[in-house]
1. I'd like to verify a number: residues in the range 232-254 that are more than 8 Å from the ligand (Cβ to nearest atom) and out of contact with any helix residue (DSSP H, G or I) (no Cβ under 7 Å at 6 or more places or on another chain), how many?
2. Have a look at 201, 207 and point out the one that is more than 30 Å from residue 9 (Cβ to Cβ) and surrounded by fewer than 18 Cβ atoms within 10 Å (Cβ to Cβ).
3. Of the residues 254, 225, only one is modelled with pLDDT of 95 or more, part of a helix (DSSP H, G or I) and touching a strand residue (DSSP E or B) at 6+ places or on another chain (Cβ under 6 Å); which?
4. For the condition within 22 Å of residue 131 (Cβ to Cβ) and assigned by TED's automatic domain parsing to the domain that holds residue 310, what is the one hit in 290, 247?
5. I need every pair where a residue in the range 248-264 that is under 15 Å from residue 166 (Cβ atoms) has its Cβ under 8 Å from the Cβ of a residue that is within 8 Å of the ligand (Cβ to nearest atom) and in a helix (DSSP H, G or I), sequence separation at least 6 or different chains.
6. If you scan the range 256-269, which residues turn out to be touching a helix residue (DSSP H, G or I) at 6+ places or on another chain (Cβ under 9 Å) and surrounded by 24 or more Cβ atoms within 10 Å (Cβ to Cβ)?
7. Looking at (1) within 16 Å of the ligand (Cβ to nearest atom); (2) part of a helix (DSSP H, G or I); (3) in contact (Cβ under 8 Å) with a residue 40 or more places away in the chain, which one does residue 216 not meet, given that it meets all the others?
Ligand code: FBP
């Protein structure tokens with residue numbers, strides 16, 4: 001500890017927070033979910049360590065293979081995936097794992113495995129070589145029926161049935177945002193102690209007017225999206241004042257959603273690149289728990305039922321006001337087509 005560093009004693013670690021949340025659960029808690037969340041915390045610490053040393057360990061760059069989604073697999077994707085899978089398997093509480101990096105679900109035969117974890121071990125990995133923030137995204141379902149054999153049906157369910165979700169961002173600091181349906185809390189990794197410490201208690205969505213989208217895809221946008229973008233660039237005056245929007249786009253979902261969560265605004269990926277189960281659902285769960293909204297443009301994102309493990313959807317998430325503007329423009333567009 002440096003002499004200037006304040007000695008803190010009001011410490012809440014990720015583990016103590018998870019245990020406290022467990023006590024609040026209306027269902028008699030077994031501690032199984034807590035164990036899984038704790039393993040996810042450990043996995044994220046390991047991934048953070050590898051990401052930070054990637055250049056030095058020479059694990060930067062592509063593997064030369066493409067994944068099930070025809071995307072280039074980075075060396076760090078593989079490492080992060082193995083770390084995540086191994087730590088989750090080690091809990092003995094996970095029955096089904098779905099990773100962006102694996103075409104098929106992984107089934108684990110273990111007597112106390114009652115949960116399914118869906119995850120993207122290293123989202124935004126195409127940005128790694130230039131040092132941009134990347135992150136891990138995860139969501140957790142409970143098996144539908146503990147007495148039946150686990151199947152993909154246990155994860156091909158609406159996002160409203162997730163019991164917990166979160167992301168960990170490897171940026172200027174390593175920050176994990178977590179919800180188990182009782183609001184959103186954020187934890188910053190203290191590099192000295194190796195602990196995630198509670199730094200963002202009960203996060204509420206910011207109020208800034210920021211729009212975030214890859215406009216290079218504008219040629220493929222629906223008219224509703226084009227109209228929304230026009231409205232934020234040339235907003236009508238309200239009481240004689242023109243509301244000024246800012247544009248921000250990192251191109252790494254975790255970083256763009258993290259900023260949206262803390263500052264406010266709207267993040268959009270309308271052309272259906274992002275995966276429903278392990279990108280759209282966890283982020284939508286967090287966004288709703290922070291007081292915002294998430295939509296496909298036509299329906300609530302968490303009501304979607306994915307028809308396959310790697311299904312994709314267009315997504316608009318952020319402050320309720322902005323997401324509802326997009327939804328209204330979709331309704332207008334659809335009505336005009338009738
Ligand atoms: P990867 O899983 O291949 O990294 O793609 C996901 C992602 O990087 C998101 O994190 C991000 O929001 C989006 O793709 C950016 O896409 P684009 O480069 O088309 O703007």
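1. Number of matching residues: 15.
2. Working: 201 fails: more than 30 Å from residue 9 (Cβ to Cβ).
Going through 201, 207 in turn, the sole match is 207.
3. Working: 225 fails: touching a strand residue (DSSP E or B) at 6+ places or on another chain (Cβ under 6 Å).
Criteria check complete, one pass: 254.
4. Values: 290 fails: within 22 Å of residue 131 (Cβ to Cβ).
None of the other options fit; the residue is 247.
5. Qualifying pairs under 8 Å: 253/279.
6. Of all residues in the range 256-269, those touching a helix residue (DSSP H, G or I) at 6+ places or on another chain (Cβ under 9 Å) come to 257, 260-261, 264-269.
Of everything in the range 256-269, those that are touching a helix residue (DSSP H, G or I) at 6+ places or on another chain (Cβ under 9 Å) and surrounded by 24 or more Cβ atoms within 10 Å (Cβ to Cβ) turn out to be 257, 260, 261, 265, 266, 267, 268.
7. Of the numbered conditions (1) within 16 Å of the ligand (Cβ to nearest atom); (2) part of a helix (DSSP H, G or I); (3) in contact (Cβ under 8 Å) with a residue 40 or more places away in the chain, the odd one out for residue 216 is (3).
Residue by residue, here is whether (1) modelled with pLDDT under 95; (2) under 17 Å from the mean Cα position of the chain (by Cα); (3) within 16 Å of the ligand (Cβ to nearest atom); (4) not assigned by TED's automatic domain parsing to the domain that holds residue 250 holds:
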| position | (1), (2), (3), (4) |
| --- | --- |
| 107 | no, no, no, yes |
| 124 | yes, yes, yes, yes |
| 143 | no, no, no, yes |
| 146 | yes, no, no, yes |
| 156 | no, no, no, yes |
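The values are calculated or read from the model by the stated rules, or taken from the named source; none is laboratory data. Everything quoted here is computed from the prediction, not taken from an experiment. Methodologically, a virtual Cβ is constructed for each residue, glycine included, from the backbone with ideal geometry; neighbour enumeration extends over all protein chains shown.
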